1. Using Cα pairs under 8 angstrom and six or more residues apart, how large is the relative contact order of the range 19-75, in percent?
2. Starting with the highest mean, order 57-63, 40-46 by the number of other Cβ atoms within 10 Å, averaged over the residues of each peptide.
3. Rg to Rh ratio, the range 19-75, alpha-carbon atoms and Kirkwood radius?
Amino acid sequence: MKRSFAIVLFTALAAGCHPGEGQRCNPLSFNDECPTNFACTYPEGCGVAYCCPKSGPSAHPNCQACPVDGGGATD
């Protein structure tokens, strides 16, 4: 019983949580949370980081420059 619990726990931790485009991420994380070809970045004027394309534009609103007030999504 203990062994099966340990296996399930290890599998859940190893899988992790990988956000998609426009989802919040932690740029200080030691593992890359974003999908391939995406980077955890702060869009211009934003105080929070999101997974946005490494190259090329993104249509996702969280990957656009924040309003002048420095807002940003609070999701």
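1. Values: 106 pairs, mean separation 18.8, N = 57.
It comes to 33 percent, rounded to a whole number.
2. Values: 57-63: 14.1, 40-46: 16.0.
With the highest mean Cβ count within 10 Å placed first, the list reads 40-46, 57-63.
3. Values: Rg = 10.5 Å, Rh = 11.2 Å.
On the Cα set of the range 19-75, Rg over Rh gives 0.94.
Values in this text are rule-based calculations from the coordinates and carry no lab data. Note that this is a predicted model, so its numbers are computed, not measured. A quick note on method: Cβ atoms are made from the backbone with ideal geometry, for glycine too, and the neighbour counts reach across all protein chains shown.
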